[in-house]
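Student: Please see the structure below; I have some questions.
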Amino acid sequence: MTEHPHPGRVRPRRLRATPAMRRLVGEVDVQPRQLVLPLFVREGLAEPRPIASMPGVVQHTLESLPAAVAQAADARLGGVMLFAVPELRDATGTQATASDGILNRAIAVAAREAGGALVVQADLCLDEFTDHGHCGVLTADGRVDNDATLTRYAEMALAQAAAGADLVGLSGMMDGQTGVVRDALDQAGADEVAVLAYAAKYASAFYGPFRDAVESQLEGDRRTYQMDPANRREAAREVAIDVAEGADVVMVKPALAYLDVLADVAASSPVPVAAYAVSGEYAMIEAAAAAGWIERERAIRESVLSIRRAGADHVLTYHATELAGWLAEEYR
Ligand code: PBG
C-alpha cells in the first residue's frame, strides 16, 4: 500500500458538497428530447382501458390517442412509438397491412396531432396481428418462416409509410429485415422514412406486462428469433448487420438488465443508439413504489439516467411524459 503524504488533499467529496456543485459536474443528464413514449391503441374499445400489470398505462381508443400525443408534444418529447391491437387476428396478420387497420389508422391520427413536433414511430412486427402471436408467419409445421415474414414486413413498412410514420421500428428479429424494409421503402419513394432496427433484442421475461397490453396470443416463447440473454458479443454482430443493411438507429432491449450490451453498442455504433426500458422494468418500479418499498420518482430518474450513462442517445420509457414534466421544472 502506498502512503499518501497528504491524506486530506485528494478529496472527491468536494465535488459532491452542494447541489450547485453536483449540478456543475454531472457527467450525463436526461432531456425530454431524448425520451420516446410508447403508446397502445386497441380497436373496438368505447373508452381507454387500463392495463392491470402496467398501472398508469392504458390501451387508447383512436379518440383518446390525440390527447396523449398532444401531451407528449407539450412535454417536448423526442417522439412516440405506436403499438396497436386489432379486433381480428389471422395467420398472416392481415390487419397489419390493411390501410384501415388499427395501427395504420393510429399512425395517421398521431401524425396529424403531432404536426411535425414529434417523431412519429410505429412498431413494425406481426405479433399483435397474428392469431398464433408469433412475430412472423409460420411454416406448415409451425416454425417461424424467416423469409416469408420478410415479405410481410416490406408490405407493412409501405402501409406505415403511407399512413404517415416518420420512423418504423423493426422489432421482429428476422434475419435480413432491415435491408428488405429499406429497399421496399426506397423503391416506393419513401426514402425519407427512417428505420430503427431493434438490433439487440433479447428473449426476455421483462416483456411480460407488454403481453397483457397487447393481449398476446403467444404460447411458448420467441427464443428461435430473439437473442439469448447469455450473449454479449453477439450483439455487436447484430448491430453490424443492421448498420450494413441501412439502419438509421439501432436499439438495445431490454435496458436495465442489458447495460453492458448497451455500453458496448454505444461505444462502437456509427448511428444513434436507442434503449427500451420495457414493460417489466416499468412494472417493477410501479409495484415496489406502490408497496412503499422504493421512492418512485427517484427510482424512475435513476433508472433512465443509468440508461443514458451506459450510452443510450434516446430512451423509450412508459414514464416519458411524466419524467419530462419533472425535468421541465428543473430547467425553469
Ligand atoms: C414485439 C414487441 C415486444 C415489445 C416491443 N415490441 C414484445 C415481444 O417481443 O414479445 C415489448 C415491449 C415491452 O415489454 O415494453 N412487437
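Student: Can you name the residue in the stretch 252-263 that is touching a Ser or Thr at 6+ places or on another chain (Cβ under 8 Å) and either in a helix (DSSP H, G or I) or more than 16 Å from the ligand (Cβ to nearest atom) (or both) and is also least open to solvent (accessible area, probe 1.4 Å) among such residues?
Tutor: Going through the qualifying residues, I end up with Leu259.
Student: So, one more: Being under 23 Å from Phe40 (Cα atoms), open to solvent by 50 Å² or more (accessible area, probe 1.4 Å) and hydroxyl-bearing (Ser, Thr, Tyr), is that true of even one residue in the stretch 99-118?
Tutor: Start the filter on the stretch 99-118 by keeping residues that are under 23 Å from Phe40 (Cα atoms), which leaves 99-118.
Applying the additional criterion that residues be open to solvent by 50 Å² or more (accessible area, probe 1.4 Å) yields 99-100, 105, 112-113, 115-117.
Next cut, hydroxyl-bearing (Ser, Thr, Tyr) only: 99.
Taking every residue of the stretch 99-118 in turn, at least one turns out to be under 23 Å from Phe40 (Cα atoms), open to solvent by 50 Å² or more (accessible area, probe 1.4 Å) and hydroxyl-bearing (Ser, Thr, Tyr).
This table checks each residue for (1) among the aliphatic types (A, V, I, L, M); (2) in contact (Cβ under 8 Å) with a residue 60 or more places away in the chain; (3) in a helix (DSSP H, G or I).
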{"site": "Ala274", "(1), (2), (3)": "yes, yes, no"}
{"site": "Val304", "(1), (2), (3)": "yes, yes, yes"}
{"site": "Arg308", "(1), (2), (3)": "no, yes, yes"}
{"site": "Ala324", "(1), (2), (3)": "yes, yes, yes"}
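Student: Filtering the stretch 172-192 down to residues that are touching a Ser or Thr at 6+ places or on another chain (Cβ under 9 Å) and not in a helix (DSSP H, G or I), which residue is surrounded by the most Cβ atoms within 10 Å (Cβ to Cβ)? It would help to see each step written out before you state the result.
Tutor: Residues of the stretch 172-192 that are touching a Ser or Thr at 6+ places or on another chain (Cβ under 9 Å), as a first pass: 172, 174, 177, 180.
Next, only the ones that are not in a helix (DSSP H, G or I) stay: 172, 174.
Details: Gly172: 26, Met174: 22.
Among them, the one singled out is Gly172.
Student: Of the residues that make up the stretch 287-297, is at least one touching a residue at least 60 places away in the same chain (Cβ under 8 Å), more than 16 Å from the ligand (Cβ to nearest atom) and open to solvent by 70 Å² or more (accessible area, probe 1.4 Å)?
Tutor: The answer is yes; a qualifying residue exists.
Student: Within the stretch 46-70, track down each residue that is open to solvent by 80 Å² or more (accessible area, probe 1.4 Å) and closer than 18 Å to Ile107 by Cβ.
Tutor: Across the stretch 46-70, the qualifying residue is only Glu63.
Student: With respect to the numbered conditions (1) out of contact with any strand residue (DSSP E or B) (no Cβ under 8 Å at 6 or more places or on another chain); (2) part of a strand (DSSP E or B), which one is the sole condition not fulfilled by Asp141?
Tutor: Checking Asp141 against (1) out of contact with any strand residue (DSSP E or B) (no Cβ under 8 Å at 6 or more places or on another chain); (2) part of a strand (DSSP E or B), the one that fails is (2).
Student: Take the conditions open to solvent by less than 10 Å² (accessible area, probe 1.4 Å), touching an Asp or Glu at 6+ places or on another chain (Cβ under 9 Å) and not charged (D, E, K, R) and apply them to Val195. Does it pass?
Tutor: Details: open to solvent by less than 10 Å² (accessible area, probe 1.4 Å): yes; touching an Asp or Glu at 6+ places or on another chain (Cβ under 9 Å): yes; not charged (D, E, K, R): yes.
Here the answer is yes, as Val195 does meet what is asked.
Student: With respect to Ala266, is the statement that it is surrounded by 17 or more Cβ atoms within 10 Å (Cβ to Cβ), in contact with a Gly (Cβ under 6 Å, 6 or more places away or on another chain) and in a helix (DSSP H, G or I) true? So that I can check it myself, show each step before the final result.
Tutor: On the way: surrounded by 17 or more Cβ atoms within 10 Å (Cβ to Cβ): yes; in contact with a Gly (Cβ under 6 Å, 6 or more places away or on another chain): yes; in a helix (DSSP H, G or I): yes.
So Ala266 fits the description; yes.
Yes/no per residue for (1) open to solvent by less than 10 Å² (accessible area, probe 1.4 Å); (2) assigned to a helix (DSSP H, G or I); (3) closer than 24 Å to Ile107 by Cβ:
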| site | (1), (2), (3) |
| --- | --- |
| Phe210 | no, yes, yes |
| Arg223 | no, no, no |
| Glu238 | no, yes, no |
| Val250 | yes, no, yes |
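The values are calculated or read from the model by the stated rules, or taken from the named source; none is laboratory data. These numbers were taken from a predicted model, which means no experiment stands behind them. Here Cβ is always computed from backbone atoms with ideal geometry, including for glycine, and neighbour counts include all displayed protein chains. Heads up: the accessible areas ignore ligands, DNA and RNA and are worked out on the full protein's heavy atoms, side chains in. Shrake-Rupley method; radii C 1.70, N 1.55, O 1.52, S 1.80 Å.
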